[in-house]
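Asker: This is the structure I want to talk about, given as structure tokens.
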Amino acid sequence: MKPRQYHERTLIVIKPDGVQRSLVGDIIHRFERIGLKMVASKMLVATPAHIEKHYTLDPEWLMKTGTKAIKGYTDKGLKPPSTDPMKVVALVLKNLIKYMSSGPVIAMVWEGAHAVEIVRKLVGSTEPLTSDTGTIRGDYMLDSYRLSDHNERAIYNLVHASGSLKEANEEIKFWFKDSEVIDYDLILEKVIYGMTGGK
């Protein structure tokens, strides 16, 4: 039977800076408080190869990210390191791999109505400096592209969140075996979705 819309799932990874700053409980609380349900979690130190594969699951990610980075520079009146998206994204990916494999991360799968969109809204925009107050990145982090570029590193923004349902499905399969994702009910769901809610 096809899952109902409120069984949508998304991947969240609390990055090494989120773990090191002891923000795991606060971050999890944000997702629980809105009514999402955690259906899988694990703590690990990811290998560089694992992180590279994660960011390149989508074959178009390299070109899209390189193009977006160049636009970000030019929109702010800054000179990008290159006008070639593939050269720019090579630097981005190198820094992401170093950052994401530098210490423990916590990978989680969250389930609920509009899970992908809700999580993206709670997390905030990629750059903490421009993230809205009330978002995880806006409330708990002060990093910016300007600082990360100056220090030749990835931007520290606490969490990764899947950007679309397609991306979420691919990323969940990459980080978790089917047997590690648990299907269960919460009493809370009947309150959130109505007394006739459920499977």
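Asker: Could you tell me whether segment 107-117 includes any residue that is more than 16 Å from residue 8 (Cα to Cα), modelled with pLDDT of 95 or more and outside any loop (DSSP other than H, G, I, E, B)? Please lay out each step first, then the result.
Answerer: Residues of segment 107-117 more than 16 Å from residue 8 (Cα to Cα): 107.
Next, only the ones that are modelled with pLDDT of 95 or more stay: 107.
Subsequent filtering for residues that are outside any loop (DSSP other than H, G, I, E, B) retains 107.
Within segment 107-117, one or more residues are more than 16 Å from residue 8 (Cα to Cα), modelled with pLDDT of 95 or more and outside any loop (DSSP other than H, G, I, E, B).
Asker: When residues of segment 6-54 are filtered for being assigned to a loop (DSSP other than H, G, I, E, B) and under 19 Å from residue 103 (Cβ atoms), how many remain?
Answerer: First, the residues of segment 6-54 that are assigned to a loop (DSSP other than H, G, I, E, B): 8, 15, 21-23, 35-36, 45-47.
Going one step further and asking which of them are under 19 Å from residue 103 (Cβ atoms), we end up with 15, 21-23, 45-47.
Within segment 6-54, residues that are assigned to a loop (DSSP other than H, G, I, E, B) and under 19 Å from residue 103 (Cβ atoms) number 7.
Asker: Quick check on segment 154-171. Is at least one of its residues touching a strand residue (DSSP E or B) at 6+ places or on another chain (Cβ under 6 Å), acidic (Asp, Glu) and at pLDDT 95 or above? Full working, then the answer.
Answerer: Pass one, segment 154-171, residues touching a strand residue (DSSP E or B) at 6+ places or on another chain (Cβ under 6 Å): 159-162, 168, 171.
From the residues that got through so far, the ones that are acidic (Asp, Glu) too are 171.
Those still in the list that are at pLDDT 95 or above too: 171.
For segment 154-171, residues touching a strand residue (DSSP E or B) at 6+ places or on another chain (Cβ under 6 Å), acidic (Asp, Glu) and at pLDDT 95 or above: present.
Asker: Return yes or no: is residue 74 under 22 Å from residue 156 (Cα atoms) and among the polar types (S, T, N, Q)? Give the steps one after another, and end with the answer.
Answerer: Numbers: under 22 Å from residue 156 (Cα atoms): yes; among the polar types (S, T, N, Q): yes.
Yes, satisfied.
Asker: On the basis of being modelled with pLDDT of 95 or more, assigned to a helix (DSSP H, G or I) and under 17 Å from the mean Cα position of the chain (by Cα), does residue 103 make the cut?
Answerer: On the way: modelled with pLDDT of 95 or more: yes; assigned to a helix (DSSP H, G or I): no; under 17 Å from the mean Cα position of the chain (by Cα): yes.
Taking the combined requirement at face value, the residue does not satisfy it.
The values are calculated or read from the model by the stated rules, or taken from the named source; none is laboratory data. Everything numeric here is computed off the predicted structure, so don't read it as measured data. For neighbour counting, all protein chains shown are included, and Cβ atoms are generated from backbone atoms with ideal geometry for every residue, glycine included.
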